[in-house]
Structures are given as structure tokens and as C-alpha cells.
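Note sheet for the following structure.
The values are calculated or read from the model by the stated rules, or taken from the named source; none is laboratory data. On a predicted model such as this, the values are computed, not experimentally measured, just so you know. Backbone-built Cβ (ideal geometry, glycine too); neighbour counts: all protein chains shown. All accessible areas refer to the heavy atoms of the entire protein, side chains included, with ligands and DNA or RNA removed. Shrake-Rupley method; radii C 1.70, N 1.55, O 1.52, S 1.80 Å.
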Amino acid sequence: MIVFSSVCKRYPEGREALKDVSFEIADGKFAWVTGRSGAGKTTLFRLIAAIERPSSGGIVVNGQNLASLGRRALPYLRRNIGLVFQEQKLLFDRNALANVLLPLAIVGLPPRDAERRALAALDKVGLLDRAKAMPVALSGGEQQRLAIARAVVNRPALLLADEPTAKLDNDSAADILGIFREFHRVGVTVVIASHDPRPIPGVEPQLIALEQGRLLDTAASAAPVEAAQ
Amino acid sequence: MTSWFSQHLAGLQDAWRRLVASPLNTALSLLVIGISLALPAAGWLFIDNLRLAVGNTGSLQQVSVFLADDADAAAIAEVERGLRQAKLGSVRFVPRDEALQALQAREGMADLTAGLPRNPLPDAFVVEADASPEALEAAVKAFAELPKVDDVHLDSAWMRRFDAFLHVARLVVALIGGVFAAGLVAVTFNTIRLQILAHAEEIEVARLIGAADDFIRRPFQYYGALQGALGGLLAVALVTAGGLLLADPVAGLAALYGGSFSLHGLVPLEIAALVGGGALLGWIGAQISVLIHLRRLG
């Protein structure tokens, strides 16, 4: 579960990215965080992942109050959150399999078990046959799928993605959203920040619409995507 | 336990991969570390060899025990028994006539001794001792207490000077070692700084996906320790090679002085100390560097 209570985020230069934002995303939900460029989507994404701290207000993620979370506890929070970045943040000096192995090395899984799980994750995103390929040899869609495999390999309860389809063509974007839908179906909470939310067959997403840092209409937050468009 | 072992193994493998990834930089760093460790090690070995070489020349630790004029055969035998019981080394009796002959045999002494009304030299024992200056000092006191012993002479001043010289030389080597150790820490510090900058993106990604500080630090710590240990091995090779090159000339020099001496090299404990010390200093340099630079990365 994710709970935002009157969250404000002000950057040192004075820009206010989020203003008094409150919402709740229940476990197992599929949520879109949407809005134009500069609306505060990425800030919200970074606050949920505790990459940044709110200027005021409270945030609870997976039952943990981020305000009271010490620096040493942060890694353990993030291990339960699968993060997918717009720029993927892949490591280009190692192959696809090694990229997916990294989160498993962090938790200290024995190499043989880790490799088995990493290959299973690559299989889930349709990249099993590209396990030995270097990221630079992958297409944009494949790179995004690799980023998803890395995000889910630790079986997180929450999957967070920031503009995962922004640079993809329609077919690749549909593939990526299909992968998110599959994880949602097995109970993973999925939160996607995107300026372009798309309908996903069989999914009734929660909508969190932002405009200039404010939540547009909390009552509409449970409305289907088509309504927002 | 398995998880702990896996994480350390992964850190070690990662460190090794980074070391071999830039062979030229690694080779240059190893050369600097190897020389830094080899110079004090060579100095230490030189002092040790010098001590052994001087120890091999028995005349330097010669104790002369002069007997009273009225010492008869029974008294001489008793003194000899007392000297042998001390077990300091070989004991040789030098009768007064033999001593005079030896004196006369020296250049310019024959005329001088010819005019003497009688042999002024006493019977004496010469003890060729292989012991520390402190043990010799104690023995001299004990010998002086023996019956019919008139005087005991030990060239202790020379030995004390030599011992003091060795002490100062060891201090100098220790100081040089300390300076080079600080240099090694500084070299590792800088190498790790560059490594952290080169892997900034990887560090950021690792943090974002849940890596704790220990996980991020570990490869750099192993990198520093590995680099130090390999530098230590290079130092061992350099010192051993130097010893081999000097072995023949030193043996020739010893032969000119009528003795035999061969240089001794590093013993296993010293090799372990060089490699282990290098690893420890490398780890310290890496640890300081990661503490400072990872904090700067945020």
C-alpha cells in the first residue's frame, strides 16, 4: 500500500514540484500517475522510491513510514520495490543476464540460484534468447523489457515505472504494458508514471492526475483511463 | 553464511575483473607499490645480512681471560672448566711463551720485546664467543670472579658501537618503511578515487535497486587489498632478484677477507609479512577513499 498525506516537495531553488498531495493506492492495484511534463510525476515516483524526501507531509510505502526511515534502512525498502526508469539505467559494460543478476547479488543469493531466477525473469519478458547480448545490441523495447526483468527479479511487492513507454513505438509500448499487466495479475502493485496513459485490456486502473504539482481531482482518482483522456 | 560468502565472493570477483580490465594502469600502480615495499624490505634484509656477516667474524666476539702470574696447572685447569661451563663458544689456552712469540712475530715488535728482562705476558684463555653483547658482559663479570684470574678483556666498545649502529639503521629503515607505507596508502586512495568516478553510474544504479553501502564498498576494498597484496608479491620478486644478483659479488668479497658468507633472502614469514602488509595498507587506502568519495557521490 502507498499512502501520501498532504505531501509537499519544494526544491532548494524554490520550485514547488508537489503541493499538498494526498492519495492512497491499495495493495494489488494498478495505478497511472499522469499529467503533463512538469506536473510532478517523476517527483512523485522518486518520493515513493525514497530517492528524494518530501519537504512536508507523510508517505507510507509497503507499511513503512518513509519519514522515520533511516539511511541504513533505505536499501531494504528498495529491495521490495521494482524500479523501471525512463532511461532504463542499464549497465552497458555487462550483458543482459549480468544486468538482471545485479539485484540478486545485492541480496546475496548464491550464484547458481541467482542465475536460475535471472533467466526466469528474462524469460518472463521474452528476452531469454538475448541473455548474453550486451544492452547496446538490444532495441529500445528490448532494453525496456530488460529493465523490467531487473526490476522484478527480486519478486517485489511493488513495481514502479517512470515513463516506461515514452520512447517506444505503439507495438513495443503495448508489449511493455502487457508485461506490467501480467505482474499485476499475480498480485503485484503496479504504479506507472506516464503523460500518456493507455487502456489496458482487463485492467481497471486507478488514476492519479497531477497538474502543476497538485492532484487534479481526488474523486476521479478511481476513474477509468478513458475518462481522463 | 551462504549469503555472506556469496556477497564477498562476488565482491572479490568484481575487484579482480576491475583490476584486469585496465592492465596498464594496474601494472603501473603495482610497480609503484612494489618498489615502495621493496626498498624498506631490502634495507631490512641488508641489515640482517650485515649482522650475520659480522657475527661470522669470531674475532669480534673474543674474550681474553688473563691469569695471575702464580696460577699453577691445577688453577689453569679449574679456570678452563669454568670457562667451558659458560658454553659461550670455543675455549683456547694461550701459554705466555706462545703469546710472546706471537707478539714478536708482529712487525716492529721483535726489537722492542728483545730488550725485556723477562716475558711480561701472562698465561691466558681466548674464548671465541657467539653471544649477544649483554650475555658477553655478564660472562666477563663471571669470568673475573674465577680464582687466579687477573683480568678479563672484551672488545665491548666496538661491539656496542656496532650494535648501536644496527639499532639506528633499523630505525632508519622503519622510518623509510613508514613513509613508503603512507605512500602506498596514498596511491591506493587515488586509484580507488578514480575507480569510484569510473563506476559512478553503476554505483547509482546499485543504490537505486537496494544495494547497501557495504555491498558498494566491498569491491573497492577488495581492489585495494588485492592491489596491495600483488604489490607485495612484486616486492618479494624484486628483493629476491636483487639478492640473486648480489650473491656472487658478496661471496667473492667474503673470500677476500678469508671467510665465507652467502646472502640470505626473505624467509616465508617475511614474505607473508610483505604480502599481508601490502594487502592491509591497500585495504586501508581503499577504505578511506570509499568513505570520502562515496559520500560525495551522495
*Output the residues of region B:202-235 meeting this criterion: accessible area (heavy atoms, 1.4 Å probe) in the chain alone minus accessible area with all protein chains in place is 50 Å² or greater.*
B:E202, B:V205, B:L208, B:I209, B:G210, B:F215
*Considering only B:V168, A:N80, A:S56, whose Cα is most displaced toward the positive end of the charge dipole of the protein assembly as shown, charges sitting on Cβ of Lys, Arg (+1) and Asp, Glu (-1)?*
A:S56
*Dipole size in debye (nearest 20) for region B:1-131 around its Cα centre, Lys and Arg Cβ +1, Asp and Glu Cβ -1?*
940 debye
_Give the residue list of trypsin sites (Lys or Arg not before Pro) in region A:45-111 that are DSSP loop and have at most 16 other beta-carbon atoms within 10 angstrom._
A:R94
*222 nm mean residue ellipticity, helices alone, for chain B (DSSP H n ≥ 4; -39,500 (n - 2.57); rounded to 500)*: -26000 deg cm²/dmol
*Note the angle between two axes, namely the Cα long axis of helix A:96-106 and the longest principal axis of the Cα atoms of chain A, as a number of degrees from 0 to 90, rounded to the nearest 10.*
70 degrees
*Given the alpha-carbon gyration tensor of chain A, what are the semi-axes of its equivalent ellipsoid in whole angstrom, ordered largest first, with each equal to the square root of 5 times an eigenvalue?*
29, 21, 16
*asked:* Accessible area per residue for the protein assembly as shown in Å², computed with a 1.4 Å probe and the full protein assembly in place, what is it?
replied: 51 Å²
*Any chance you could tell me what percent of the C-alpha pair distances in region B:94-142 go past 12 Å?*
70 percent
*So for B:W16, A:W32, what's the accessible-area order with a 1.4 Å probe, most first?*
B:W16, A:W32
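Would you mind telling me the share, in percent, of accessible area of region A:45-123 contributed by carbon and sulfur at probe 1.4 angstrom?
About 49 percent, which is the carbon plus sulfur part of the accessible surface.
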*Which of the residues in region A:46-76 show a loss of at least 50 Å² in accessible area from their chain by itself to the complete set of protein chains, at a probe of 1.4 Å?*
A:R71
*Ignoring ligands, DNA and RNA and using a 1.4 Å probe, state the total buried accessible area between B and A in Å², rounded to the nearest 100.*
1700 Å²
_Förster-model FRET efficiency, 35 Å R0, A:S37 and B:I292, C-beta, rounded to 0.05_ = 0.40
*Angle between the Cα long axis of helix A:170-185 and the longest principal axis of chain A, 0 to 90 degrees, nearest 10?*
80 degrees
*Along the Cα-to-Cβ line of B:S22, 7 Å from the Cα, sits a label point; which residues in region B:265-298 have backbone N less than 19 Å from it?*
B:282-297
*Simple Cβ-charge dipole of the protein assembly as shown, Lys/Arg +1 and Asp/Glu -1, about Cα centre, in debye nearest 20*: 2540 debye
*Given B:Q221, B:L238, B:I292, which one lies farthest toward the positive end of the charge dipole of region B:201-298, if we put +1 on the Cβ of every Lys and Arg and -1 on the Cβ of every Asp and Glu?*
B:I292
*Mean separation of Cα pairs under 8 Å and 6+ residues apart, divided by the residue count of region A:81-155: what relative contact order is that in percent?*
50 percent
*Mind checking which helices in chain B clear 24 Å along their axis (Cα) and have mean Kyte-Doolittle hydropathy of -1.0 or more, DSSP H runs only?*
B:2-21, B:23-56, B:156-198, B:213-256, B:268-297
*With only Lys, Arg, Asp and Glu charged, each at its Cβ (+1 for the first two, -1 for the last two), find how big the charge dipole of chain B is about the Cα centre; round to the nearest 20 debye.*
1580 debye
*asked:* From the mean inverse distance of alpha carbon pairs (Kirkwood) and the Cα radius of gyration, derive Rg over Rh for region B:43-134.
replied: 1.10
*Could you sort A:Y76, A:Y11 by accessible area so the largest value comes first, with the probe set to 1.4 Å?*
A:Y76, A:Y11
*Quote the FRET efficiency, to the nearest 0.05, computed for B:W158 versus B:A237 with a Förster distance R0 of 41 Å and r equal to the Cβ-Cβ distance.*
0.65
*To the nearest 0.05, what FRET efficiency results for B:A105 and B:A142 with a Förster distance of 45 Å applied to their C-beta separation?*
0.90
